[in-house]
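The values are calculated or read from the model by the stated rules, or taken from the named source; none is laboratory data. In this text the structure is predicted, and so the values were computed from the model without any measurement. All Cβ positions, glycine included, derive from the backbone under ideal geometry; neighbour counts span all protein chains shown.
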């Protein structure tokens, strides 16, 4: 079963739920960042990886996806940098 855009109709609701759960955990992390430092690191690196892939894909089809450089890419970069600045710094001396 596909939607009118050629995508499987079950994919958007599943992705939506993943982002809802991710958002709930971000809200929990905002109250106790130290307790969620691994989650914050994962979120930061996942967004950076997403941005890098999006830059490559948008550049490959610039006529169609030029707007990604004004919308999605800066948004995800701001999110990743914000988490980098917000997450707790390691206090241990181990590398």
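When you check residue 67 against the structure, is it modelled with pLDDT under 95 and either out of contact with any helix residue (DSSP H, G or I) (no Cβ under 8 Å at 6 or more places or on another chain) or at positive phi (or both), yes or no? Criteria not met by residue 67.
Mind checking whether some residue in region 43-53 is in contact (Cβ under 8 Å) with a residue 12 or more places away in the chain, in a helix (DSSP H, G or I) and more than 12 Å from the chain's Cα centre (by Cα)? Within region 43-53, not a single residue is in contact (Cβ under 8 Å) with a residue 12 or more places away in the chain, in a helix (DSSP H, G or I) and more than 12 Å from the chain's Cα centre (by Cα). Residues of region 25-64 that are more than 27 Å from residue 87 (Cβ to Cβ) and either exposed (fewer than 15 other Cβ atoms within 10 Å of the Cβ) or modelled with pLDDT under 95 (or both): 57, 59, 60, 61, 62, 63, 64.
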